[in-house]
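**Student:** Here's a structure for you.
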């Protein structure tokens, strides 16, 4: 694999807005692969408030990659107990 200055992943924090709203994705950094491909350096420009990070493959020159972000499944930590 050729070395590159391009990130292997973009790093996001995802804020759930409610049942009828799409989640809000905010790019807060990037992850760069180590030369031995056994780890990553993660560079953040902000920290997520909920301690949750999502890493996604960046789009290439042809636009392939990050076109559609998956809708996160319901998180049991966000459910209210009755």
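The values are calculated or read from the model by the stated rules, or taken from the named source; none is laboratory data. Since the model is a prediction, treat every value here as computed from it, not as a measurement. Cβ sites come from the backbone with ideal geometry, for glycine too, and all protein chains shown count toward neighbours.
**Student:** Hey, can you tell me all the residues within region 1-31 that are more than 13 Å from the chain's Cα centre (by Cα) and surrounded by 15 or more Cβ atoms within 10 Å (Cβ to Cβ)?
**Tutor:** Once the filter is applied, which keeps residues that are more than 13 Å from the chain's Cα centre (by Cα) and surrounded by 15 or more Cβ atoms within 10 Å (Cβ to Cβ), region 1-31 yields only 16.
**Student:** Continuing with the same structure: Go through region 33-60 and give me each residue that's surrounded by fewer than 10 Cβ atoms within 10 Å (Cβ to Cβ), at pLDDT 95 or above and within 17 Å of residue 13 (Cα to Cα).
**Tutor:** The answer is 45, and nothing else.
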